[in-house]
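Please read through the structure below; I'll follow up with questions.
The values are calculated or read from the model by the stated rules, or taken from the named source; none is laboratory data. Predicted model, so just to flag it, every value in this text is computed and none were measured. Every residue, glycine among them, receives a Cβ derived from its backbone with ideal geometry; neighbour counts consider all protein chains shown. To get the accessible areas, we keep the full protein, side chains included, count just its heavy atoms, and leave off ligands, DNA and RNA. Shrake-Rupley method; radii C 1.70, N 1.55, O 1.52, S 1.80 Å.
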Amino acid sequence: MQNPLDTASTPHTAVVKFLQLSPGASLPQQQTPGSAGMDLCACLEEPLLVPPGEMRMAPLGFAAEIPPGFAGFIFSRSGLGAKGLVVAQGVGIIDSDYRGEWMVPLRNLSSEPWTVSPGERVAQVIFLPVAPAQFVEAESLSGSQRGGGGFGSTGK
């Protein structure tokens, strides 16, 4: 049997059109070839203060055209998240038909004020394929080992 790690992968590529709206906007970039996400930089004219427990919008200074069949998922950067600055809603979603300026809502979970500097990397985007879904009404659902067990039902 062949080792799955020996096979060459052929990742899907989402070709995303980038439209610079502000002179300070940065093209999203991977920091290393193995990075899953592309860093998003705040496009600010002056530093942005995010008080403890509060949320502020960080403009990115660009719009983009994501191809149909994909969406952009905005995640916190792990280094910032560990210090308390996170994407406010957990994960943001940029739909393929959105053409406005990209912005990131940042929430400060720490007990100290956080200052975001112009050009600072504040979040990351990952492009993933999305499958359209169609809900159909059913009389019943098939059984499963888990059944209707919810949070914590599978143990630790």
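Give the share of C-alpha pairs in each 5 angstrom bin for region 12-138, from 0 to the last occupied bin, in whole percents, shortest bins first.
Final binned percentages: 2, 11, 20, 23, 18, 13, 7, 4, 2, 1, 0, 0.
Would you calculate, for the chain, the mean residue ellipticity at 222 nm contributed by helices, counting each DSSP H stretch of 4 or more residues as -39,500 (n - 2.57) and dividing by all residues, to the nearest 500?
-1000 deg cm²/dmol
Could you give me the ³J(HN,Hα) list for region 14-22, computed from phi with Karplus coefficients 6.51, -1.76, 1.60 and θ = phi - 60°, whole Hz, x at Gly and Pro?
9, 8, 10, 7, 10, 10, 6, 9, 10
Explain nothing, just the number: dipole magnitude of the chain about its Cα centre with +1 on each Lys and Arg Cβ and -1 on each Asp and Glu Cβ, in debye rounded to the nearest 20.
Dipole about the Cα centre, nearest 20: 380 debye.
By how many nm would the segment from SER142 to LEU27 grow when fully extended, if each residue of separation counts as 0.36 nm and the alpha-carbon distance is taken off?
Numbers: separation 115, 0.36 × 115 = 41.40 nm, distance 4.68 nm.
Full-extension gain reported as 36.7 nm.
For LEU48, what charge total do you get from the other residues with a beta carbon under 14 Å from its beta carbon, if Lys and Arg give +1 and Asp and Glu give -1?
Charge balance in the 14 Å sphere: -1.
What is the sum of charges around ASP39, taking Lys and Arg as +1, Asp and Glu as -1, for the other residues whose C-beta is under 14 Å from the C-beta of ASP39?
+1
On the first, second and third principal axes, largest extent first, how far apart are the outermost C-alpha atoms of region 78-143 in Å?
Per principal axis, max minus min of the Cα coordinates gives 54, 32, 15 Å.
For the chain, build the charge dipole from Cβ charges (+1 Lys, Arg; -1 Asp, Glu) around the Cα centre, then report which of GLY148, GLY72, GLN30 sits farthest towards its positive end.
GLY148
Amide H to amide H, which residues 5 or more places from VAL122 or on other chains are under 5 Å from it, using H placed in the peptide plane?
LEU40, CYS41, ALA42
Here's something else I'd like to know. For the chain, with a Gaussian network of springs between Cα atoms less than 10 Å apart, report the residue from PRO33, PRO67, PRO118 with the top mean-square fluctuation.
Of PRO33, PRO67, PRO118, the Gaussian network model singles out PRO33 as fluctuating most.
Hey, another quick one. In what order, largest first, do ASP39, ASP95 sit by accessible area if the probe radius is 1.4 Å? Intermediate results must be reported in sequence, preceding the final value.
Working: ASP39 15, ASP95 85 Å².
Ranked from most to least accessible, the order is ASP95, ASP39.
Here's something else I'd like to know. Within region 73-156, report the chymotrypsin sites (Phe, Trp or Tyr not before Pro) that DSSP leaves as loop and that have at most 16 other Cβ atoms within 10 Å. Numbers along the way, then the final one.
Details: sites: PHE73, PHE75, TYR98, TRP102, TRP114, PHE127, PHE135, PHE151; in loops: TYR98, TRP102, PHE135, PHE151.
Here the sparse-neighbourhood loop sites are TYR98, PHE135, PHE151.
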